[in-house]
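Engineer: Dropping the structure in here first, questions after.
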Amino acid sequence: MTELFAGPWGPILIFGLRIVDVTLATMRMLLVMRNQRTIVPFIGFFEAAIWVLAIGTAIQNLHSVWHILGYAGGFASGTLVGLWLEGKLAMGLASVRIISRNAGEAVADALRHEGFGVTEFSGYGREGRVELLLTLVKRRQINRVIATVEAEDHDAFISVEEPRTIRRGWLFSTRRK
């Protein structure tokens, strides 16, 4: 195996290993932030094993600029791949806050029609009365929520946040096993 990594395919292999290793690291960190305790140790195990292989090979071939570029390039590419993959998986929930000056009730009704739960508050902003709407959705539904809001009120203020802890509510009305 040493000959394979020392040869002309070595930098490409290191590049590929680093993509996998850093992608796993990115996913592991994002899952830690989402409190996904069961899968994180397994990801960490494979991440560490791949990293040891990649770094060991890179260190053995420090005389080769190509091996070093493969290592560094794999790190950068792995970061991009990890972020892309996490975005595609869109795990977790998002809290969407909507502030509407003109069409708060219409926005709330449209969101409810789409199957989302909405809590409404009346308030006052700098320029007068506003409606504050709060909804909790799966992250992969964020674009649908935003499109629904903008169809009813293109001037609505929208902010999306990732909640750390959630307890009860209509989304969790049935007990999970």
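FYI, it's all coordinate maths here, none of it is from the lab. Model, not experiment: these values are computed from the prediction. Positions of Cβ are backbone-derived with ideal geometry, glycine not excepted, and every protein chain shown enters the neighbour counts.
Engineer: Could you check the stretch 1-109 for helices (runs of 4 or more DSSP H) lying wholly inside it with 2 or more residues that are under 30 Å from Leu136 (Cα atoms)? Steps first, answer last, please.
Structural biologist: Working: elements: 2-6, 10-33, 40-60, 65-89.
Fully inside the stretch 1-109 and qualifying: 10-33, 40-60, 65-89.
Engineer: Quick test for you: out of Leu24, Leu53, Leu13, Leu69, pick the one residue that is surrounded by fewer than 15 Cβ atoms within 10 Å (Cβ to Cβ) and within 30 Å of the chain's Cα centre (by Cα).
Structural biologist: Values: Leu24 fails: surrounded by fewer than 15 Cβ atoms within 10 Å (Cβ to Cβ); Leu53 fails: surrounded by fewer than 15 Cβ atoms within 10 Å (Cβ to Cβ); Leu13 fails: surrounded by fewer than 15 Cβ atoms within 10 Å (Cβ to Cβ).
After ruling out the rest, the residue left standing is Leu69.
Engineer: Right, next: If I go through the stretch 29-88 residue by residue, how many of them are among the hydroxyl-bearing types (Ser, Thr, Tyr) and closer than 30 Å to Pro163 by Cα?
Structural biologist: 3
Engineer: Mind listing whichever residues of the stretch 126-153 are in a helix (DSSP H, G or I), charged (D, E, K, R) and surrounded by 15 or more Cβ atoms within 10 Å (Cβ to Cβ)?
Structural biologist: First pass over the stretch 126-153, keeping only residues in a helix (DSSP H, G or I): 139-152.
Next cut, charged (D, E, K, R) only: 139-140, 144, 150, 152.
Within the stretch 126-153, Arg139, Arg144, Glu152 qualify.
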